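*Asks:* Please read through the structure below; I'll follow up with questions.
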Amino acid sequence: MYGIDSVNHQVRPNLIYVEGGGSAFRIAPEQGKALNLREGQIINGTIALRPEGNTIKISGQYLPLPAGLGAPGSRVELQVSILAGAYVLRKMGLGSKVDGQVGSSKGPLVDFHNSRFERLLRLDQLNGITRFPLNSLLSLLFGDVELEEIREKLVVNLTTTKDITARSVRKMLLESGLYLESDLRRGKPAGPLNLKSFLMQIRNAFSRLGKDSTIVTKAIDDLEALQLETLSSQLHRQNSISWALPFLDTSPVWLQLHEKKNKDSGSDGSGDSGWNLDIQLDLGSSVFSMSLVMDKNRLSLACWVPDQGLYQKIHDNEHVLKSKLFDHGLELLSFQLHDFAKIRSPVGDTGSQSRIKLDV
């Protein structure tokens with residue numbers, strides 16, 4: 001068993017790299033805790049060359065950096081994100097020499113792949129898929145045989161928010177594109193609705209027709225970022241799933257389901273555990289967020305509703321919610337309703353070497 005002294009004497013944390021390295025990399029949970037890393041923390045430092053390679057000093061320890069992140073003597077700014085228990089350090093600035101000289105680029109292809117990896121790791125800013133106007137995009141899928149076939153399949157298989165059921169949610173999860181590559185590897189054909197597959201077909205058709213496919217590409221990047229997040233949690237033996245539900249009448253809804261194990265649970269995984277469900281829906285002028293914590297048949301709910309009309313409607317129907325939950329054998333322990341958006345607000349910079357962003 002490792003004591004706190006052995007942790008403090010560890011000078012080379014074990015890094016888990018994202019494929020290709022680039023401007024972001026992951027650190028195992030135990031190493032992030034040993035370095036006392038915090039969500040939203042900004043780390044400023046100078047890259048030093050040591051026998052093990054390029055490093056940066058954090059909390060008195062030297063953290064090895066991926067190759068290509070920067071040259072010795074360059075200043076680097078890293079932001080810490082905690083994603084499903086894993087720690088991601090993302091390069092914020094381009095980095096420059098202390099003497100003012102800027103390091104040369106490794107080429108447009110390398111820069112392109114590095115920027116793509118950075119986009120895929122910005123899981124706290126999924127603006128492509130949550131703002132994807134699927135309902136209005138359907139009106140553009142005309143005038144081409146391939147596009148019209150895609151439109152017909154989408155309309156038949158998608159549902160509206162008013163017609164949502166538990167069965168339809170399960171169906172959309174399985175066919176959201178989250179498991180696309182895994183199914184293809186096993187020789188399993190894609191289902192009648194696979195959001196990622198359809199978006200890739202639309203992007204290819206738009207490129208062939210000379211249409212702008214930027215918004216489609218951003219949505220695909222977000223779906224792949226959700227796949228990376230889910231895979232990361234599985235690699236760290238955590239039950240966490242992130243995906244997007246597409247609807248006919250609104251933009252896709254982002255969801256994250258995460259298992260929260262009781263601290264008293266046994267080492268074999270037995271014991272009580274609860275579930276956290278986070279939901280985010282882009283309403284156009286504002287973003288609706290909901291956080292649900294469930295423990296057996298009891299649940300706590302918090303909503304952030306900046307739309308005043310919707311806020312009042314939810315406030316007036318709280319008793320209806322309790323009644324419907326009761327009919328399904330569920331007890332609502334607490335219900336918090338806020339008339340503002342749930343945002344990640346940075347604390348003012350005090351000039352120190354690190355600053356914290358708090359999720360308010």
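*Asks:* What is the calculated FRET efficiency for Ala341 to Arg50, with r their C-beta to C-beta distance and R₀ = 30 Å, to the nearest 0.05? Intermediate values should be presented prior to the final figure.
*Replies:* Values: r = 44 Å, r/R0 = 1.48.
Computed FRET efficiency for Ala341 and Arg50 comes out at 0.10.
*Asks:* For every other residue with a beta carbon closer than 11 angstrom to the beta carbon of Ile129, add +1 if it is Lys or Arg and -1 if Asp or Glu, then tell me the sum. Intermediate values should be presented prior to the final figure.
*Replies:* Working: positive: Arg131, Lys196, Lys218; negative: Asp221, Asp222, Glu224, Asp282.
The answer is -1.
*Asks:* Note the full-extension length gain between Trp275 and His319 as 0.36 nm times their separation in residues minus their Cα-Cα distance, in nm to one decimal.
*Replies:* Values: separation 44, 0.36 × 44 = 15.84 nm, distance 2.34 nm.
Fully extending the segment from Trp275 to His319 adds 13.5 nm.
*Asks:* So what's the net charge close to Asn239: Lys and Arg +1, Asp and Glu -1, counting the other residues with Cβ under 12 Å from its Cβ? Present the calculation step by step, with values, prior to reporting the outcome.
*Replies:* Details: positive: Arg237, Lys260, Lys261; negative: Glu259.
Local net charge: +2.
*Asks:* Please report the net charge: other residues with Cβ closer than 15 Å to the Cβ of Leu281, K and R +1, D and E -1. Write out the running numbers ahead of the final one.
*Replies:* Working: positive: Arg131, Lys162, Lys313, Lys342; negative: Asp222, Asp249, Asp278, Asp282, Asp307.
Overall, the nearby charge balance is -1.
*Asks:* Within 10 Å, count the other beta carbons around each residue, average over each peptide in 154-160, 318-324, and list them highest first.
*Replies:* Working: 154-160: 15.1, 318-324: 11.6.
Peptide ranking by packing, descending: 154-160, 318-324.
*Asks:* By how many nm would the segment from Asp144 to Val156 grow when fully extended, if each residue of separation counts as 0.36 nm and the alpha-carbon distance is taken off?
*Replies:* Details: separation 12, 0.36 × 12 = 4.32 nm, distance 1.84 nm.
Extending this stretch completely gives an extra 2.5 nm.
*Asks:* Given the options Val287, His315, Trp275, identify the residue whose Cα lies farthest towards the positive end of the charge dipole of the range 274-317 (+1 on Cβ of Lys, Arg; -1 on Cβ of Asp, Glu).
*Replies:* Selected residue: Trp275.
*Asks:* For labels at Lys188 and Gln234 in the simple 7 Å Cα→Cβ model, what's the distance in nm?
*Replies:* Result: 1.0 nm between the two label points.
Values in this text are rule-based calculations from the coordinates and carry no lab data. If you're wondering where the values come from, they're calculated on a predicted model, not measured in any experiment. Quick reminder, even Gly has a Cβ in these numbers, built from the backbone with ideal geometry, and neighbours come from all protein chains shown.
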